[in-house]
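The values are calculated or read from the model by the stated rules, or taken from the named source; none is laboratory data. Note that this is a predicted model, so its numbers are computed, not measured. All Cβ positions, even for glycine, are placed from backbone atoms using ideal geometry, and neighbour counts span all protein chains on display.
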Amino acid sequence: MLRSKRKAAFTLIELLVVVAIIALLLSILLPALGSAREQGKKAKCLANLKNLGFSMHQYASDDPVEQLIPISLPMMYRQTELGPTVENGLWLWRCAMWFTYGGRSSQKVFKVAASGGYALSNRDPCDPSGGTCVVRPDYDAERRALNVYMSVGSEEGDRKRMEWFSCPGDTGYPIDPNPSFGSDGLVDDAPDANALRPMYDTVGNSYRLSLANFAERLGSGNTDAQGFFAIGPWGHRASTLPDMSKLVLAGEPTFFNMIGVDSSQEGITPEVLLIGWHKRKLVDNLLFCDGSARSTKAERQLEATQEGFPDVLDTRLIERATTYRLDVYPTPGARIWGNSWSVDYPQDKWPFKNYQDNLRK
(Lines give C-alpha, C1' and ligand atoms only; values in the text may rest on other atoms or scores of the structure.)
Protein backbone atom coordinates (compact mmCIF):
# COMPACT_ATOMS: atom_id res chain seq x y z
CA MET A 1 0.00 0.00 0.00
CA LEU A 2 1.44 3.29 -1.05
CA ARG A 3 1.48 6.08 1.54
CA SER A 4 1.63 9.74 0.63
CA LYS A 5 4.65 11.59 1.99
CA ARG A 6 4.18 15.09 3.35
CA LYS A 7 7.07 17.43 4.10
CA ALA A 8 7.04 19.10 7.51
CA ALA A 9 6.36 22.86 7.28
CA PHE A 10 5.82 25.85 9.55
CA THR A 11 2.27 26.83 10.17
CA LEU A 12 1.32 30.45 9.74
CA ILE A 13 1.13 30.93 13.48
CA GLU A 14 4.60 29.45 13.99
CA LEU A 15 6.02 31.70 11.29
CA LEU A 16 4.48 34.80 12.89
CA VAL A 17 5.92 33.79 16.26
CA VAL A 18 9.41 33.47 14.75
CA VAL A 19 9.10 36.86 13.04
CA ALA A 20 7.94 38.42 16.32
CA ILE A 21 10.91 36.94 18.19
CA ILE A 22 13.35 38.24 15.56
CA ALA A 23 11.75 41.70 15.71
CA LEU A 24 12.02 41.68 19.50
CA LEU A 25 15.68 40.69 19.39
CA LEU A 26 16.42 43.41 16.85
CA SER A 27 14.66 46.01 18.98
CA ILE A 28 16.88 44.97 21.89
CA LEU A 29 20.15 44.64 19.98
CA LEU A 30 20.08 47.63 17.62
CA PRO A 31 20.20 50.32 20.34
CA ALA A 32 23.00 48.38 22.00
CA LEU A 33 24.90 48.26 18.71
CA GLY A 34 24.34 51.99 18.22
CA SER A 35 25.56 52.67 21.75
CA ALA A 36 28.63 50.48 21.17
CA ARG A 37 29.35 52.37 17.96
CA GLU A 38 29.18 55.71 19.80
CA GLN A 39 31.41 54.36 22.56
CA GLY A 40 33.94 53.36 19.91
CA LYS A 41 33.90 56.85 18.40
CA LYS A 42 34.28 58.43 21.83
CA ALA A 43 37.21 56.15 22.67
CA LYS A 44 38.91 57.02 19.37
CA CYS A 45 38.46 60.74 20.00
CA LEU A 46 39.88 60.41 23.52
CA ALA A 47 42.88 58.48 22.16
CA ASN A 48 43.44 61.23 19.56
CA LEU A 49 43.38 63.91 22.24
CA LYS A 50 45.89 62.01 24.38
CA ASN A 51 48.21 61.66 21.38
CA LEU A 52 47.92 65.38 20.65
CA GLY A 53 48.58 66.16 24.31
CA PHE A 54 51.73 64.02 24.21
CA SER A 55 52.88 65.87 21.07
CA MET A 56 52.25 69.26 22.66
CA HIS A 57 54.25 68.30 25.74
CA GLN A 58 57.11 67.19 23.51
CA TYR A 59 56.86 70.49 21.66
CA ALA A 60 56.94 72.42 24.97
CA SER A 61 59.99 70.51 26.17
CA ASP A 62 61.96 71.70 23.12
CA ASP A 63 60.46 75.20 22.87
CA PRO A 64 62.63 78.01 24.32
CA VAL A 65 59.64 79.44 26.20
CA GLU A 66 57.87 76.13 26.97
CA GLN A 67 54.75 76.75 24.89
CA LEU A 68 52.24 73.89 25.14
CA ILE A 69 50.20 75.58 22.41
CA PRO A 70 52.29 76.23 19.28
CA ILE A 71 51.77 79.75 17.98
CA SER A 72 50.69 79.64 14.33
CA LEU A 73 50.71 82.60 11.97
CA PRO A 74 46.91 83.09 11.96
CA MET A 75 47.01 83.53 15.75
CA MET A 76 49.03 86.70 15.25
CA TYR A 77 46.70 88.49 12.84
CA ARG A 78 44.92 91.74 13.36
CA GLN A 79 41.42 91.87 12.01
CA THR A 80 42.55 94.65 9.66
CA GLU A 81 45.29 92.38 8.28
CA LEU A 82 42.97 89.61 7.14
CA GLY A 83 42.94 90.75 3.55
CA PRO A 84 39.85 90.27 1.36
CA THR A 85 36.76 89.62 3.46
CA VAL A 86 33.68 87.53 2.80
CA GLU A 87 30.75 89.07 4.65
CA ASN A 88 32.59 89.01 7.98
CA GLY A 89 36.32 88.33 8.40
CA LEU A 90 35.71 88.27 12.14
CA TRP A 91 35.11 84.50 11.99
CA LEU A 92 38.69 83.76 10.92
CA TRP A 93 40.13 84.88 14.25
CA ARG A 94 37.01 84.23 16.33
CA CYS A 95 36.65 80.60 15.17
CA ALA A 96 39.13 79.26 12.61
CA MET A 97 42.31 80.29 14.43
CA TRP A 98 41.36 78.12 17.44
CA PHE A 99 41.99 75.05 15.26
CA THR A 100 45.06 76.08 13.26
CA TYR A 101 47.76 74.89 15.67
CA GLY A 102 47.70 71.65 13.62
CA GLY A 103 45.68 69.55 11.20
CA ARG A 104 45.23 69.16 7.46
CA SER A 105 44.43 71.72 4.80
CA SER A 106 40.72 72.38 4.44
CA GLN A 107 38.83 70.14 2.04
CA LYS A 108 35.67 72.26 1.96
CA VAL A 109 35.00 75.96 2.21
CA PHE A 110 34.69 77.29 5.77
CA LYS A 111 31.41 79.11 5.25
CA VAL A 112 30.89 82.37 7.10
CA ALA A 113 27.72 83.25 5.20
CA ALA A 114 25.34 81.57 2.78
CA SER A 115 27.03 83.50 -0.03
CA GLY A 116 30.59 82.37 0.61
CA GLY A 117 33.53 81.73 2.88
CA TYR A 118 37.24 80.89 3.09
CA ALA A 119 39.33 78.03 1.69
CA LEU A 120 42.02 77.42 4.33
CA SER A 121 44.44 75.83 1.91
CA ASN A 122 47.22 76.40 -0.60
CA ARG A 123 44.99 74.97 -3.28
CA ASP A 124 41.60 76.27 -4.38
CA PRO A 125 38.77 73.92 -3.31
CA CYS A 126 36.12 76.58 -3.95
CA ASP A 127 32.90 75.35 -5.48
CA PRO A 128 31.94 77.92 -8.14
CA SER A 129 28.28 77.32 -7.32
CA GLY A 130 28.86 78.05 -3.64
CA GLY A 131 29.31 81.80 -3.93
CA THR A 132 32.38 83.90 -3.19
CA CYS A 133 35.41 82.10 -1.78
CA VAL A 134 38.69 83.63 -0.63
CA VAL A 135 41.69 81.27 -0.63
CA ARG A 136 43.88 81.59 2.48
CA PRO A 137 47.17 79.67 1.92
CA ASP A 138 48.46 80.93 5.28
CA TYR A 139 46.16 78.37 6.95
CA ASP A 140 47.52 75.45 4.92
CA ALA A 141 48.71 72.28 6.70
CA GLU A 142 52.32 73.12 5.84
CA ARG A 143 52.04 76.33 7.90
CA ARG A 144 50.58 74.74 11.06
CA ALA A 145 53.24 74.60 13.75
CA LEU A 146 52.44 71.27 15.41
CA ASN A 147 52.35 69.45 12.04
CA VAL A 148 55.98 70.23 11.34
CA TYR A 149 56.97 69.01 14.79
CA MET A 150 54.94 65.78 14.42
CA SER A 151 56.54 64.76 11.12
CA VAL A 152 58.01 61.26 11.29
CA GLY A 153 59.80 61.32 7.96
CA SER A 154 57.56 58.90 6.09
CA GLU A 155 54.36 59.50 4.17
CA GLU A 156 52.54 56.63 5.89
CA GLY A 157 53.64 57.74 9.36
CA ASP A 158 52.69 61.34 8.70
CA ARG A 159 49.28 60.25 7.38
CA LYS A 160 48.57 58.27 10.55
CA ARG A 161 49.58 61.15 12.77
CA MET A 162 47.39 63.52 10.78
CA GLU A 163 44.45 61.26 11.64
CA TRP A 164 44.92 62.28 15.27
CA PHE A 165 43.26 65.58 14.35
CA SER A 166 40.10 63.81 13.11
CA CYS A 167 37.31 62.77 15.47
CA PRO A 168 34.99 60.14 13.90
CA GLY A 169 32.07 61.78 15.72
CA ASP A 170 32.82 65.21 14.23
CA THR A 171 29.55 66.78 13.10
CA GLY A 172 30.68 70.36 13.47
CA TYR A 173 28.86 72.98 15.48
CA PRO A 174 25.10 72.53 15.87
CA ILE A 175 22.53 74.77 14.23
CA ASP A 176 21.99 77.86 16.30
CA PRO A 177 18.34 78.07 17.38
CA ASN A 178 18.82 81.83 17.58
CA PRO A 179 21.59 82.61 15.11
CA SER A 180 22.08 86.38 15.39
CA PHE A 181 25.60 87.08 16.62
CA GLY A 182 25.83 88.65 20.05
CA SER A 183 23.58 88.50 23.08
CA ASP A 184 20.77 86.77 21.15
CA GLY A 185 22.89 83.93 19.76
CA LEU A 186 23.11 80.60 21.55
CA VAL A 187 25.90 79.17 19.36
CA ASP A 188 28.23 82.15 19.17
CA ASP A 189 31.53 80.31 18.69
CA ALA A 190 31.05 79.62 14.96
CA PRO A 191 29.14 81.06 11.98
CA ASP A 192 25.68 79.61 11.57
CA ALA A 193 26.36 79.07 7.84
CA ASN A 194 28.98 76.43 8.75
CA ALA A 195 26.71 74.49 11.13
CA LEU A 196 26.58 70.66 10.87
CA ARG A 197 29.66 70.61 8.62
CA PRO A 198 32.58 68.63 10.10
CA MET A 199 35.31 70.92 11.38
CA TYR A 200 37.92 68.47 10.07
CA ASP A 201 36.65 69.22 6.56
CA THR A 202 36.23 72.98 6.83
CA VAL A 203 39.15 73.99 9.09
CA GLY A 204 41.23 70.79 8.95
CA ASN A 205 41.03 69.90 12.66
CA SER A 206 38.27 68.49 14.88
CA TYR A 207 39.79 69.73 18.15
CA ARG A 208 39.57 73.31 19.35
CA LEU A 209 42.11 74.92 21.65
CA SER A 210 41.13 76.47 24.94
CA LEU A 211 42.09 80.04 24.15
CA ALA A 212 40.61 81.82 27.17
CA ASN A 213 41.45 85.42 26.33
CA PHE A 214 40.07 88.79 25.51
CA ALA A 215 40.73 90.98 22.51
CA GLU A 216 41.47 94.66 22.61
CA ARG A 217 39.13 96.33 20.17
CA LEU A 218 40.00 99.13 17.79
CA GLY A 219 38.03 102.31 18.44
CA SER A 220 34.33 102.01 19.18
CA GLY A 221 33.67 99.17 16.72
CA ASN A 222 33.34 95.53 17.66
CA THR A 223 35.08 93.75 14.79
CA ASP A 224 38.64 95.11 14.64
CA ALA A 225 41.04 93.50 17.13
CA GLN A 226 44.40 95.06 17.81
CA GLY A 227 45.62 92.66 20.45
CA PHE A 228 45.03 89.36 22.28
CA PHE A 229 45.73 88.78 25.96
CA ALA A 230 45.45 85.20 27.28
CA ILE A 231 44.14 84.17 30.68
CA GLY A 232 44.34 80.46 29.81
CA PRO A 233 47.29 78.19 28.90
CA TRP A 234 47.83 79.96 25.55
CA GLY A 235 51.11 81.90 25.59
CA HIS A 236 52.18 80.68 29.04
CA ARG A 237 55.23 78.71 30.08
CA ALA A 238 54.16 75.14 30.80
CA SER A 239 56.15 75.08 34.05
CA THR A 240 54.08 77.98 35.42
CA LEU A 241 50.61 76.52 34.77
CA PRO A 242 48.54 75.74 37.88
CA ASP A 243 46.18 72.80 38.54
CA MET A 244 47.12 71.09 35.26
CA SER A 245 44.80 68.09 35.78
CA LYS A 246 41.82 70.48 35.62
CA LEU A 247 43.18 73.18 33.30
CA VAL A 248 41.71 72.63 29.82
CA LEU A 249 44.12 72.58 26.88
CA ALA A 250 41.86 71.53 23.99
CA GLY A 251 38.74 69.53 23.25
CA GLU A 252 35.69 68.90 21.11
CA PRO A 253 34.43 72.37 20.25
CA THR A 254 30.78 72.28 21.30
CA PHE A 255 31.88 72.02 24.96
CA PHE A 256 33.23 75.56 24.88
CA ASN A 257 29.85 76.82 23.70
CA MET A 258 27.92 74.63 26.17
CA ILE A 259 29.47 76.47 29.13
CA GLY A 260 27.84 79.74 28.05
CA VAL A 261 27.80 82.40 25.38
CA ASP A 262 30.56 85.00 25.40
CA SER A 263 28.36 88.05 24.99
CA SER A 264 26.99 88.29 28.52
CA GLN A 265 28.35 91.30 30.37
CA GLU A 266 26.84 90.60 33.77
CA GLY A 267 27.31 87.64 36.07
CA ILE A 268 27.82 84.01 35.08
CA THR A 269 25.99 82.80 31.99
CA PRO A 270 23.98 79.57 32.22
CA GLU A 271 24.85 76.45 30.24
CA VAL A 272 23.69 76.26 26.63
CA LEU A 273 21.75 72.98 26.35
CA LEU A 274 23.49 71.34 23.40
CA ILE A 275 24.11 67.68 22.52
CA GLY A 276 27.77 66.69 22.27
CA TRP A 277 29.35 64.76 19.41
CA HIS A 278 28.74 61.47 21.23
CA LYS A 279 24.98 61.92 21.73
CA ARG A 280 25.11 63.13 25.33
CA LYS A 281 23.65 66.42 26.50
CA LEU A 282 26.25 68.87 27.83
CA VAL A 283 29.09 66.31 27.56
CA ASP A 284 32.15 66.34 25.28
CA ASN A 285 35.75 65.11 25.39
CA LEU A 286 38.47 67.39 26.74
CA LEU A 287 42.28 67.31 26.83
CA PHE A 288 43.84 68.73 30.00
CA CYS A 289 47.23 70.35 30.44
CA ASP A 290 48.67 67.35 32.29
CA GLY A 291 48.09 65.24 29.15
CA SER A 292 45.00 63.40 30.42
CA ALA A 293 41.76 63.29 28.40
CA ARG A 294 38.25 62.49 29.59
CA SER A 295 34.57 63.06 28.90
CA THR A 296 33.53 66.14 30.83
CA LYS A 297 30.16 67.61 31.69
CA ALA A 298 29.69 71.29 30.96
CA GLU A 299 28.72 72.73 34.32
CA ARG A 300 27.62 76.20 35.32
CA GLN A 301 30.77 78.12 36.11
CA LEU A 302 31.41 78.93 39.75
CA GLU A 303 30.56 82.47 40.71
CA ALA A 304 33.76 84.21 41.76
CA THR A 305 33.43 87.09 44.18
CA GLN A 306 35.71 90.06 44.68
CA GLU A 307 36.05 89.02 48.32
CA GLY A 308 37.47 85.66 47.26
CA PHE A 309 39.77 87.18 44.62
CA PRO A 310 40.63 90.69 45.85
CA ASP A 311 43.64 90.99 43.55
CA VAL A 312 41.69 90.19 40.36
CA LEU A 313 40.85 93.01 37.95
CA ASP A 314 37.46 91.52 37.05
CA THR A 315 36.11 88.33 38.66
CA ARG A 316 34.33 87.43 35.40
CA LEU A 317 37.79 86.40 34.20
CA ILE A 318 37.80 83.52 36.72
CA GLU A 319 36.38 80.74 34.53
CA ARG A 320 36.05 77.39 36.28
CA ALA A 321 33.67 74.71 37.58
CA THR A 322 34.10 71.73 39.88
CA THR A 323 35.70 69.47 37.24
CA TYR A 324 37.53 71.91 34.96
CA ARG A 325 39.01 75.38 34.74
CA LEU A 326 39.90 77.68 31.85
CA ASP A 327 41.76 80.43 33.73
CA VAL A 328 45.34 80.21 35.01
CA TYR A 329 44.93 82.32 38.16
CA PRO A 330 47.15 82.97 40.11
CA THR A 331 49.63 82.62 37.23
CA PRO A 332 49.83 86.04 35.51
CA GLY A 333 48.23 86.45 32.09
CA ALA A 334 50.18 86.38 28.83
CA ARG A 335 50.37 88.94 26.05
CA ILE A 336 49.91 87.22 22.70
CA TRP A 337 50.18 90.33 20.57
CA GLY A 338 49.39 94.01 20.88
CA ASN A 339 51.49 96.79 22.38
CA SER A 340 49.13 98.73 24.65
CA TRP A 341 48.50 96.28 27.48
CA SER A 342 51.10 97.80 29.77
CA VAL A 343 49.57 101.25 29.32
CA ASP A 344 45.81 100.71 29.34
CA TYR A 345 45.40 98.24 32.20
CA PRO A 346 46.37 98.45 35.91
CA GLN A 347 49.61 96.66 36.62
CA ASP A 348 48.74 95.84 40.24
CA LYS A 349 45.82 93.51 39.39
CA TRP A 350 45.61 89.98 37.97
CA PRO A 351 45.97 89.10 35.10
CA PHE A 352 48.17 92.11 34.21
CA LYS A 353 50.41 92.14 37.26
CA ASN A 354 53.76 90.72 36.10
CA TYR A 355 52.17 89.35 32.94
CA GLN A 356 54.16 86.94 30.76
CA ASP A 357 55.46 87.91 27.35
CA ASN A 358 56.98 84.71 26.02
CA LEU A 359 56.56 85.06 22.28
CA ARG A 360 59.68 85.15 20.20
CA LYS A 361 60.24 88.57 18.63
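What residue, of T296, T269, is surrounded by 13 or more Cβ atoms within 10 Å (Cβ to Cβ), modelled with pLDDT of 95 or more and hydroxyl-bearing (S, T, Y)?
Sole residue among the options that is surrounded by 13 or more Cβ atoms within 10 Å (Cβ to Cβ), modelled with pLDDT of 95 or more and hydroxyl-bearing (S, T, Y): T296.
If I go through the range 225-259 residue by residue, how many of them are assigned to a strand (DSSP E or B) and among the β-branched types (V, I, T)?
Within the range 225-259, residues that are assigned to a strand (DSSP E or B) and among the β-branched types (V, I, T) number 1.
Answer with yes or no whether S115 is of a type outside the set (A, V, I, L, M) and either under 19 Å from the mean Cα position of the chain (by Cα) or modelled with pLDDT under 80 (or both).
no
Condition test on K353, is it without any contact (Cβ under 8 Å) to a residue 60 or more places away in the chain, surrounded by fewer than 14 Cβ atoms within 10 Å (Cβ to Cβ) and of a type in the set (D, E, K, R)?
Numbers: without any contact (Cβ under 8 Å) to a residue 60 or more places away in the chain: yes; surrounded by fewer than 14 Cβ atoms within 10 Å (Cβ to Cβ): no; of a type in the set (D, E, K, R): yes.
Against the criterion (without any contact (Cβ under 8 Å) to a residue 60 or more places away in the chain, surrounded by fewer than 14 Cβ atoms within 10 Å (Cβ to Cβ) and of a type in the set (D, E, K, R)), K353 does not qualify.
Can you tell me which condition M97 does not meet? The list is (1) aliphatic (A, V, I, L, M); (2) in a strand (DSSP E or B); (3) under 26 Å from A212 (Cβ atoms), and all the others hold.
For M97, the exception is condition (2).
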